[in-house]
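Everything below concerns the one structure shown next.
Rule-based calculations on the coordinates, nothing more; no lab input. Everything numeric here is computed off the predicted structure, so don't read it as measured data. As a convention, Cβ positions derive from the backbone with ideal geometry for all residues, glycine included, and neighbour counts pool all protein chains shown.
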Amino acid sequence: MDWSWFFTNFFAALLLPPLNMLIIAAFGFWQLKIRPRVGIGLIAGGLFGLGLLSTPYVSSRLLATLQVPPLPNSDHDAEAIVILGGGIRSSAPEYGGGATINARTLERLRYGASLYRKTGKPILVTGGAPVGAPVEGPIMRSILENEFGVPVRWVESRSRNTRENAQFSSPILRQAGIRRIYLVSHCWHLPRAIPEFEREGLDVVPAGTGYVSTGRVRLFDFVPSYLAITNSAFALHEWIGLAWYRIRG
């Protein structure tokens, strides 16, 4: 087992919704007999926080704090397109039972394919896996080439996180004489990804996808939903990741 990957994801789960709010509420139940007021406050705080993070209004605004501006239609001066993996589904019976990409990675591939058709720039896909799991990079290449009809020049398949995406992709790009890249990922993930590629000496043009709107407010924006709690988790994951990368240097 890849213990580094395991513990990273285990502690991330503890810090992200819904588990973080449920832990606060559970601690409150434990405190009820010892310190009733503290217990009631923790239970109320945990449930209230869970409710807030479950509303589209809150989740969209959390993601909006991370969004980079969309790529201008006229910006076609980078030398290559780098598409970051966003995860896989380990079993897809509708595709014969093997592994395939998840919805986040598919969204990134679709935008990367669109960018390729506009620019004609060569593509690098990057995504590995914990030991023993299906490797993401080759699956991304297969889908781009066989389903989108877009060629992939390079595949990086050792990385397990965003920092390693940059560390393992940059030598491939430098060997090909590439210095300026379009970096394709979700717009809320790019603030964490861009500095990692810049650390490796690359000039990055952000190419974000998956934007959320914070314009018109509707009544249902205050009704809890499973999608909203997921988006809140994405946002908090990125903020925690940004802080962790800065601490590690």
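Observations on the model:
- Of ALA129, ALA207, ALA26, the residue with the greatest mean-square motion in the GNM of the chain, using alpha carbon springs below 10 Å, is ALA26.
- The DSSP beta bridges internal to the chain are antiparallel in roughly 10% of cases.
- Identified option (computed mean projected area of the Cα convex hull in nm²; candidates (1) 13.5; (2) 16.2; (3) 18.5): (2)
- Were the residues from ARG117 through ASN9 laid out at 0.36 nm apart, the gain over their Cα-Cα distance would be 35.3 nm.
- Rounded to 10°, Cα long-axis angle of helix 103-119 versus longest principal axis of the chain: 30 degrees
- Rounded to 10°, Cα long-axis angle of helix 136-146 versus longest principal axis of the chain: 60 degrees
- In the chain, the calculated helix contribution to ellipticity at 222 nm averages -16500 deg cm²/dmol per residue, counting -39,500 (n - 2.57) for every DSSP H run with n ≥ 4.
- For the pair HIS76 and TRP239, a Förster radius of 35 Å applied to the C-beta separation gives a FRET efficiency near 0.65, rounded to the nearest 0.05.
- Those trypsin sites (Lys or Arg not before Pro) in region 24-61 that DSSP places in a loop and that have at most 11 other beta carbons within 10 Å: LYS33
- Alpha-carbon centroids, region 50-69 and region 108-185: separation in whole Å: 28 Å
- For the chain, averaging the sequence separation of C-alpha pairs within contact (under 8 Å, six or more residues apart) and dividing by the residue count gives a relative contact order of 26 percent.
- In the chain, the longest principal axis of the Cα atoms and the axis of helix 36-53 are about 30 degrees apart.
- Of GLY85, GLY208, GLY132, the residue with the greatest mean-square motion in the GNM of the chain, using alpha carbon springs below 10 Å, is GLY132.
- Rounded, prolate or oblate (a/c below 1.5 giving rounded, otherwise prolate when a/b exceeds b/c) for region 1-96 by Cα gyration tensor: prolate
- In nm, spacing of pseudo-spin labels at ARG110 and ILE40 (7 Å Cα→C-beta vector): 4.9 nm
- Segments 143-151, 6-14 sorted - mean Cβ within 10 Å per residue, highest first: 143-151, 6-14
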